[in-house]
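Asker: Next up is a structure, given as structure tokens.
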Amino acid sequence: MPASAAVDGVLRLSGPGTVVDERSSTITITLRTPGGRPVPGSRVKLYTKTAGADGYALHTAVTTDAEGRASVSVRPRYDTIWRANSSAVVGVNAAWSNYYRLDNAPPVAPVRLPSAAPKPRRNPPAQPRATGSGANGVVTSISDGVWRSMVGVSWHSGCPVGRASLRLLRINYWDYSGYRRRGEIIAHRDSVGRMKNALTAMYAGRYPIRRMYRVDRFGYSRTLRGGNDYASMDADNTSAFNCRNVVGRPGVRSPHSYGRSLDVNPWENPYRSRDGYVPNRWWPSRSHPRVAWRSTSHGVVRAMRNNGMRWTYGSGDLHHFDAPVSGRVAAREIMPCGPAAVSCH
């Protein structure tokens, strides 16, 4: 057939509008002539990009069958946009498809907070999506790279525990948007197992965590003489080891300095310091069934308690949990302000 007699192809992408994160979806490719005749044997390249990103990348190439169709199974982890390009065949010119958008939906319901609730003052980037099934907690020694990021920030000379006594826990969690993320904390080697089990129980109960960065990400605080816990709390960051002073008690070493304390969702579960509640004063009088606890009956407190983590100060330090060990020295580590202290964050 002469080139002048060739007609334009009509290439179309179709499929569902949404796919649940980590599940597969099928994109259907259809190539027709303007009159509706199927076009077999065309090599079709399928391109994709993450919504909001620049430029497309080739995902795969397929060939249309006798019905002018092809299908591709995809498993995007983010909202994506797709487009395809078909090759010319006898009598039919090459063609570009429509833009096809596939939204990635969260596996669980996002957290719904009161409209009046203040937002965290800091908003670091979302952590990587989860890897593996379930919580998938993995404990390792402290690598050279992680140690370099800690020294001079969350650890310094004179700290009561050293590198050999600390461990890195990487673990999956549900974020406030309903997606699975992978976070990390540093903890003492004799307590990291209990923290892993408690966070695994939170995961199983679908109790969300806003974020879980190592505290050294937030820099050094001269006031605290350690990692900047003020900035970490302002980001609603869940963290553990941090060789620093007690917030509001200069010169008093925090129990976090020993790696046996865990802070969870501090923005919604503030600490009552000598200077008042931090990081905000809105949340202490309010609770939330998933992310803010005010009694021992809350699912998060139960998940902690059932795995050896103590809600040591209760309403005095709502976000603080400890992994107690026996002996006088351990008792002083957890309550270094003295037994009469309301709380010792």
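The values are calculated or read from the model by the stated rules, or taken from the named source; none is laboratory data. Note that the structure is a prediction, hence the values are computed from the model and not measured. FYI the Cβ positions are ideal-geometry reconstructions off the backbone, even for glycines, and counts take in every protein chain you see. Just so you know, the surface numbers come from the protein's heavy atoms only, side chains and all, with ligands and any DNA or RNA stripped out. Shrake-Rupley method; radii C 1.70, N 1.55, O 1.52, S 1.80 Å.
Asker: If you take the residues in the range 140-168 that are of a type in the set (S, T, N, Q) and part of a loop (DSSP other than H, G, I, E, B), which one is nearest to Gly219 (Cα to Cα)?
Answerer: Quick first cut of the range 140-168, residues of a type in the set (S, T, N, Q) only: 140-141, 143, 149, 154, 157, 165.
Filter again for part of a loop (DSSP other than H, G, I, E, B), leaving 141, 143, 154, 157.
Details: Ser141: 22, Ser143: 19, Ser154: 8, Ser157: 17 Å.
The extreme case among them is Ser154.
Asker: Inspect the range 38-45 for any residue being of a type in the set (A, V, I, L, M, F, W, C), more than 39 Å from the chain's Cα centre (by Cα), within 11 Å of Leu11 (Cα to Cα) and part of a loop (DSSP other than H, G, I, E, B) and give the result as yes or no.
Answerer: Looking through the range 38-45, at least one residue is of a type in the set (A, V, I, L, M, F, W, C), more than 39 Å from the chain's Cα centre (by Cα), within 11 Å of Leu11 (Cα to Cα) and part of a loop (DSSP other than H, G, I, E, B).
Asker: Considering only the range 198-216, state which residues are of a type in the set (Phe, Trp, Tyr), in a loop (DSSP other than H, G, I, E, B) and crowded, with 19+ Cβ neighbours inside 10 Å.
Answerer: Result: Tyr207, single match.
Asker: Still on this structure: Here is a check on your reading of the model: is Pro110 open to solvent by 60 Å² or more (accessible area, probe 1.4 Å), more than 24 Å from Ala198 (Cβ to Cβ) and assigned to a loop (DSSP other than H, G, I, E, B)?
Answerer: Against the criterion (open to solvent by 60 Å² or more (accessible area, probe 1.4 Å), more than 24 Å from Ala198 (Cβ to Cβ) and assigned to a loop (DSSP other than H, G, I, E, B)), Pro110 does not qualify.
Asker: Which residues, taken from the range 164-185, are open to solvent by 30 Å² or more (accessible area, probe 1.4 Å), closer than 11 Å to Ala135 by Cα and either in contact with an Asp or Glu (Cβ under 7 Å, 6 or more places away or on another chain) or of a type outside the set (D, E, K, R) (or both)?
Answerer: Arg170
Asker: Just checking, how many residues over the range 123-147 are over 15 Å from the mean Cα position of the chain (by Cα) and either loosely packed, with under 11 Cβ neighbours inside 10 Å or in contact (Cβ under 8 Å) with a residue 24 or more places away in the chain (or both)? Can you show your working first?
Answerer: We begin by selecting, within the range 123-147, every residue over 15 Å from the mean Cα position of the chain (by Cα); these are 138-147.
Of the ones still in play, those that are also either loosely packed, with under 11 Cβ neighbours inside 10 Å or in contact (Cβ under 8 Å) with a residue 24 or more places away in the chain (or both) are 138-146.
Here the count works out to 9.
Every residue, every condition in (1) in contact with a helix residue (DSSP H, G or I) (Cβ under 7 Å, 6 or more places away or on another chain); (2) in a strand (DSSP E or B); (3) exposed (fewer than 13 other Cβ atoms within 10 Å of the Cβ), yes or no:
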{"site": "Leu13", "(1), (2), (3)": "no, yes, no"}
{"site": "Pro16", "(1), (2), (3)": "no, no, yes"}
{"site": "Thr26", "(1), (2), (3)": "no, yes, yes"}
{"site": "Thr30", "(1), (2), (3)": "no, yes, no"}
{"site": "Pro34", "(1), (2), (3)": "no, no, yes"}
{"site": "Gly52", "(1), (2), (3)": "no, no, yes"}
{"site": "Trp82", "(1), (2), (3)": "no, yes, no"}
{"site": "Asp103", "(1), (2), (3)": "no, yes, no"}
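Asker: Select from the range 217-244 the residues that are open to solvent by less than 20 Å² (accessible area, probe 1.4 Å) and either under 19 Å from Val301 (Cα atoms) or not in a loop (DSSP other than H, G, I, E, B) (or both) and list them in ascending order.
Answerer: Hits for the range 217-244 are Ser221, Gly226, Gly227, Asp229, Ala231, Ser232, Met233, Asp236, Asn237, Thr238, Ser239, Ala240.
Asker: For the range 293-306, state whether one or more residues are of a type outside the set (Val, Ile, Thr), within 24 Å of Pro124 (Cβ to Cβ) and either open to solvent by 10 Å² or more (accessible area, probe 1.4 Å) or assigned to a loop (DSSP other than H, G, I, E, B) (or both).
Answerer: Yes - at least one qualifying residue is present in the range 293-306.
Asker: How many residues does the range 169-187 contain that are part of a loop (DSSP other than H, G, I, E, B) and not hydroxyl-bearing (Ser, Thr, Tyr)?
Answerer: Going through the range 169-187 one residue at a time, the tally reaches 2.
Asker: Another one. Consider Pro208 carefully, then state whether it is farther than 23 Å from His298 by Cβ and either touching a residue at least 24 places away in the same chain (Cβ under 8 Å) or over 22 Å from the mean Cα position of the chain (by Cα) (or both).
Answerer: No.
Asker: While we're here: List every residue pair whose Cβ atoms sit under 6 Å apart, with the two residues 6 or more apart in sequence or on different chains, where the first one lies in the range 306-334 and is under 20 Å from Met233 (Cβ atoms) and the second, anywhere, is at pLDDT below 95 and hydrophobic (A, V, I, L, M, F, W, C).
Answerer: That search, which allows pairs on different chains as well, returns Gly316/Val342; Asp322/Ile334.
Asker: Out of all the residues in the range 241-253, which are closer than 25 Å to Pro118 by Cβ and modelled with pLDDT of 95 or more?
Answerer: Matches in the range 241-253: Asn242, Arg244.
Asker: Looking only at the range 234-241, decide whether some residue is over 15 Å from the mean Cα position of the chain (by Cα) and polar (S, T, N, Q).
Answerer: No, there is no match, as no residue in the range 234-241 is over 15 Å from the mean Cα position of the chain (by Cα) and polar (S, T, N, Q).
Asker: Under 22 Å from Arg148 (Cα atoms), open to solvent by 20 Å² or more (accessible area, probe 1.4 Å), part of a loop (DSSP other than H, G, I, E, B) and modelled with pLDDT of 95 or more - does that describe any residue in the range 188-197? Full working, then the answer.
Answerer: To start, the set of residues in the range 188-197 that are under 22 Å from Arg148 (Cα atoms) comprises 188-189, 192.
Pick out the ones that are also open to solvent by 20 Å² or more (accessible area, probe 1.4 Å) and you get 189.
Remaining after also requiring part of a loop (DSSP other than H, G, I, E, B): 189.
Keeping just the survivors that are modelled with pLDDT of 95 or more gives 189.
Yes, because at least one residue in the range 188-197 is under 22 Å from Arg148 (Cα atoms), open to solvent by 20 Å² or more (accessible area, probe 1.4 Å), part of a loop (DSSP other than H, G, I, E, B) and modelled with pLDDT of 95 or more.
Asker: Additional query: Tell me, which residue of the range 265-292 that is open to solvent by 10 Å² or more (accessible area, probe 1.4 Å) and among the aromatic types (Phe, Trp, Tyr) is modelled with the highest pLDDT?
Answerer: The selected residue is Trp282.
Asker: On to the next question. Consider Ala53 against the criteria (1) modelled with pLDDT under 95; (2) farther than 29 Å from Arg129 by Cα; (3) among the aliphatic types (A, V, I, L, M): it satisfies all of them except one. Which criterion is unmet?
Answerer: In the conditions (1) modelled with pLDDT under 95; (2) farther than 29 Å from Arg129 by Cα; (3) among the aliphatic types (A, V, I, L, M), Ala53 misses (2) alone.
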